[in-house]
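Everything on this sheet refers to the single structure shown next.
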Amino acid sequence: MKAARLAAALTLAWALPATAAQARIVTWAPGSWSWFGDPRAVQVGGATFAGWIDWSGRITVGALDRRSGATRAAVVARVYHDDHSDPSILVEPDGRLTVFWSGHDGAHMYYRTTLNPGDISLWTPVRTLQQSIRGPDGFTYPNPVLLPAEADRLYLFWRGADWSADFATRTPSGTWSGARELIRSPGQRPYLKVADNGSNLIGLAFTNGHPRDVLTSVYYAAYRHGSLWRAGGTWITRVDWAPIAPRQANLVYDAAKTHVPAWVWDVAIGRDGRPVIVYATFPHGAQHVYWYARFDGRRWISHRLTSAGGSISPGTIEQQYSGGVALDHTQPSTVYLSRPVDGGWQIERWSTPDGGGHWRRSVVVPADGTENVRPVVPRGYTGGPMGLLWLRGVYGTYTDYRTSVAFSG
């Protein structure tokens, strides 16, 4: 889609704050997102921003003024209505926002940047990254990360043309490197989740494939100072010498021992510098289980959280689509998870004082006859409204969704 057409398509919509009686749940706008592209939401100063794709394929960025409670939204592109194409949001060092998106296995990665910090009404023209790695597929799932310790170098991760996890870097002046493979599992798709410590480290949690296709384990590696490392500090390789195979990283969950596949949902770096991962396992097609794994300085320890029901897409091939589990990246001792109960899907808040040994839990979004799924906490969240966002409605498939983005007011 040409930049001029996209600029002309830019639209804004405003909504009044919810009333006090309605403030606990606010339904914002029709839309969906996958969980493999992040950040889906960020808090910056007095505003929170979120990105989604609506029912007709409009790539949308929304903003909440945290003082007034007013919301607005801007459509920055149009693609096919597939929630693998939902946007990921980068906060630039000067406070402007850059939004990345692609088609599902798209030929290009697209991005636009706001002209002013905190203002989603004006954007640059669309820019593109070309796919320089050979393969039959294309870009999916952008994950941008800035490293201040590397003079604000940007690392952009995605699933690439041969299904490997790929990345490219951007200098502060805006020059992009060529694309490189990071993790390769021949013939399979290593699904990747990305987090950072706000300074010099990027945490990578991933599988060796799709749990529908292969017996999937969960792995962890970290990028720091030009190399890939295991959680305990053992060197793996220079990133310039990648790709690595999953088996070269930390084994967090070993499916070969249980004969039960897994899928990673989130990763975060704690204030103590130790990584945390939440994932789901599938002992039976209709019964999912959520797990919380933390590196204690010597080894990975997994704690069973709870049964998670079945797929949010029953009757389809997507039998591993759980309701969703997400970490609060500011304090990853807090977990939000979605599971079915009598009356629908509810979202619960779980918190642990001891790395997962004991938990306190509460219902934050009660079941009310519909699906409340795929929760996410804005990156950089420090309190106030919109501390939790999720999808609300009926989720059929990634191209047939009738969900809306909702948040806690």
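The values are calculated or read from the model by the stated rules, or taken from the named source; none is laboratory data. It should be emphasised that the depicted structure is a prediction, and the values quoted were computed from it without experimental measurement. Note: ideal-geometry Cβ built from the backbone for every residue, glycine included; neighbour counts use all protein chains shown. Surface accessibility is based on the protein's heavy atoms, side chains included, excluding ligands, DNA and RNA. Shrake-Rupley method; radii C 1.70, N 1.55, O 1.52, S 1.80 Å.
Hey, any idea what the orientation-averaged projected area of the convex hull of the chain's Cα atoms comes to, in nm²?
So the Cα hull casts an average projection of 18.2 nm².
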| 5 Å-binned pair-distance histogram of the range 251-409 (Cα, whole percent) | 2, 9, 18, 22, 20, 15, 9, 4, 1
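Could you work out what % of the accessible surface of the chain is carbon and sulfur, using a 1.4 angstrom probe and leaving DNA, RNA and ligands out of the count?
51 percent
Could you order 328, 105 so the one with the most accessible surface comes first? Probe is 1.4 Å.
Working: 328 10, 105 55 Å².
Per-residue accessible area, sorted high to low, gives 105, 328.
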| Gyration tensor (alpha-carbon) shape descriptor, the range 98-152, a/c threshold 1.5 | oblate
| field | Kirkwood hydrodynamic radius over Cα pairs of the range 181-256, then Stokes diffusion coefficient at 10 °C and 1.306 mPa s, in µm²/s | value | 127 µm²/s
| query | Using only Cα atoms, what Kirkwood radius does the range 135-209 have, in angstroms? | reply | 12.7 Å
| message | Principal axis extents for the range 334-397, Cα atoms only, whole Å, descending order, please. | response | 36, 26, 21
| query | When the Cα atoms of the range 303-373 are enclosed in a convex hull and the volume is divided per residue, what value in Å³ results? | reply | 91 Å³
| query | Taking the alpha-carbon centroid of each part, what is the distance from the range 68-119 to the range 349-408 in angstrom? | reply | 21 Å
| remark: Along the range 118-135, Karplus-curve 3J(HN,Hα) (6.51, -1.76, 1.60; θ = phi - 60°) to the nearest Hz, with x for Gly and Pro, reads x, 10, 8, 7, 10, 9, 5, x, 5, 10, 9, 10, 8, 7, 9, 9, 6, x
| Any idea what the alpha-carbon Rg over 2.2 N^0.38 Å comes to for the range 256-308? | 1.21
| query | Taking a probe of 1.4 Å, how large is the accessible area per residue of the chain, in Å²? | reply | 38 Å²
| task | Determine the principal axes of the Cα atoms in the range 179-329, then give the extent along each, sorted from largest to smallest and rounded to whole angstroms. | result | 46, 34, 27
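So if a site counts as exposed when it's one of the trypsin sites (Lys or Arg not before Pro), its DSSP state isn't H, G, I, E or B, and it has at most 11 other Cβ atoms within 10 Å, what's the longest stretch of the chain without one? Intermediate values should be presented prior to the final figure.
On the way: sites that count: 2, 67, 134, 271, 298, 299.
So the longest stretch without any such site is 135-270.
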